[in-house]
């Protein structure tokens, strides 16, 4: 299983990925932190991405993805990571740490982490 950050989820849904990312996305089930759903809606609201959040196709695609909850363990780990970023990115990374699920991200700060398991 892979944990996708928000931008990788969008890229994966739009098939805008590198060959290596494509292999990973085809070979592994997808998962996301619950905060990714909020971040996706905010990006649409702010006009940073164009996506019909009410589309039946998108609804089906998102329903097929495992959503990790935001719980106390994730919150605690998010404050003990070896990098600082925006809170959503820290929660996404902490989700990977708590659940031992590799994170698929292009975020350079997260990719430099020694704590976060990366895909």
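The values are calculated or read from the model by the stated rules, or taken from the named source; none is laboratory data. From a predicted model like this one, the values you see are computed outputs, not experimental measurements. Methodologically, a virtual Cβ is constructed for each residue, glycine included, from the backbone with ideal geometry; neighbour enumeration extends over all protein chains shown.
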For this session: All but one of (1) crowded, with 18+ Cβ neighbours inside 10 Å; (2) out of contact with any helix residue (DSSP H, G or I) (no Cβ under 9 Å at 6 or more places or on another chain) hold for residue 39, so report the exception by its number.
Result: (2)
Problem set entry | Selected residue [at pLDDT 95 or above and crowded, with 17+ Cβ neighbours inside 10 Å] from 67, 44, 74 | 74
Problem set entry | Residue satisfying all of: in region 49-64; surrounded by fewer than 10 Cβ atoms within 10 Å (Cβ to Cβ) and within 19 Å of residue 15 (Cα to Cα); farthest from the chain's Cα centre (by Cα) among these | 56
Seminar exercise, completed: If you go through 13, 24, 2, the only one that is in contact (Cβ under 8 Å) with a residue 40 or more places away in the chain, surrounded by 16 or more Cβ atoms within 10 Å (Cβ to Cβ) and more than 22 Å from residue 116 (Cα to Cα) is 13
Exercise. Just checking, how many residues over region 94-119 are touching a residue at least 24 places away in the same chain (Cβ under 8 Å), touching a strand residue (DSSP E or B) at 6+ places or on another chain (Cβ under 7 Å) and within 12 Å of residue 2 (Cα to Cα)?
Worked result: 8
Problem set entry | Count - residues of region 1-21 that are part of a helix (DSSP H, G or I), over 21 Å from residue 59 (Cβ atoms) and touching a helix residue (DSSP H, G or I) at 6+ places or on another chain (Cβ under 9 Å) | 1
